[in-house]
Amino acid sequence: MNEPGVQSLMDQETLDERVRAGDAPAWVEAHWRSFQEGLLGERNGTPFPCFFGAESVQQGEPLYTAVPSTSDADALLTLRDRILEYLEIYREHSPRASLVTFFKPPAEPLSEREYHETLWHILQTLHCHDPEPWPEEIPTDPDDERWEFCLGGEPMFPTCRAPFYDDRKSRYCPIGLEVTFQPRALFENLGVTADTHAGQQARDVIQDRLEGYDGVCPHADLGDWGVEGDREWPQYMLTADDAQSPEECPMTVTRDHPKPGAQLP
């Protein structure tokens, strides 16, 4: 961890030091400043909705990596390695340590449709080159309330910020794609899953903050894992324009392992 260069796994202190010293590319600096401002600032007199995330950044707990491409094979395979490295160490680093991933922005602006396609290309690639089998307890059908993305045998929740969110500023990143990976075990260790009283209280607080922060009603796709009628995959990158978002999950999951003839899509 904390090796020099893009695509290393960094703690927050190291990332901040590199940015301040001018040792990080301009796009990494822009991502870091946008991320800080978004999670630690206020909008409409309301702090960032996810108070766990905001407190975690305030305490310097997340881990970070920067990816120079959303499509290059080597970049995405290295991202896989960084996520696996993160999964090995995050429990010792901090009980609230998520993995924040900054992607180099595209040369030309992308549409919302292209950002959805980009996200699912990344997740599909990670799945196709997963060194561990898909967990037996997690369904392979995304249209199941107990489905969620997995890598390295760990179920996790990847949540995105992107430039196309004009209204939902809690999901807005003016630089480019940003994905935060949060293992389900992280929520379980904090006791804030949907089946706990603390989890329901946390959800109520976040929903109230969302409406104040964004100035619009919470998105209809927001829900809880394992709850009948709720689905995980639409929550990873919330829809702004229904005409540009996928109606069904674009990801194909199999239990075959290793994946026969795995190729980057």
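The values are calculated or read from the model by the stated rules, or taken from the named source; none is laboratory data. These numbers come from a predicted model, not from an experiment. Cβ: placed from backbone, ideal geometry, glycine included. Neighbour counts: every protein chain shown.
Quick look at the numbers
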read-out: Residue match in the stretch 102-115 (condition: among the charged types (D, E, K, R), touching a strand residue (DSSP E or B) at 6+ places or on another chain (Cβ under 9 Å) and at pLDDT 95 or above); value: yes
read-out: Residues of the stretch 117-135 that turn out to be in contact (Cβ under 8 Å) with a residue 24 or more places away in the chain and part of a loop (DSSP other than H, G, I, E, B), as a count; value: 6
read-out: The stretch 125-135: number of residues that are more than 8 Å from GLY153 (Cβ to Cβ) and surrounded by fewer than 17 Cβ atoms within 10 Å (Cβ to Cβ); value: 1
read-out: Helices (runs of 4 or more DSSP H) contained in the stretch 23-96 and holding at least 2 residues of a type in the set (Ser, Thr, Tyr) and at pLDDT 90 or above; value: 73-93
read-out: Selected residue (criterion: surrounded by the fewest Cβ atoms within 10 Å (Cβ to Cβ)) from residues of the stretch 151-178 that are closer than 25 Å to ARG91 by Cβ and free of Cβ contacts under 8 Å to residues at least 60 places away in the same chain; value: GLY153
read-out: Those residues of the stretch 11-63 which are free of Cβ contacts under 8 Å to residues at least 12 places away in the same chain and buried (at least 17 other Cβ atoms within 10 Å of the Cβ), in sequence order; value: ARG18, GLU29
read-out: Residue in the stretch 179-187 that is modelled with pLDDT of 95 or more, buried (at least 17 other Cβ atoms within 10 Å of the Cβ), out of contact with any Lys or Arg (no Cβ under 7 Å at 6 or more places or on another chain) and aliphatic (A, V, I, L, M) present; value: yes
read-out: Near pairs, Cβ below 7 angstrom, 6+ apart or cross-chain, from the stretch 195-209 (more than 14 Å from ASP230 (Cβ to Cβ)) to any residue that is of a type in the set (Gly, Ala, Ser) and modelled with pLDDT under 70; value: ALA198/GLY191
read-out: Index of the failed condition, ARG96 passing every other in (1) crowded, with 21+ Cβ neighbours inside 10 Å; (2) touching a Ser or Thr at 6+ places or on another chain (Cβ under 7 Å); value: (1)
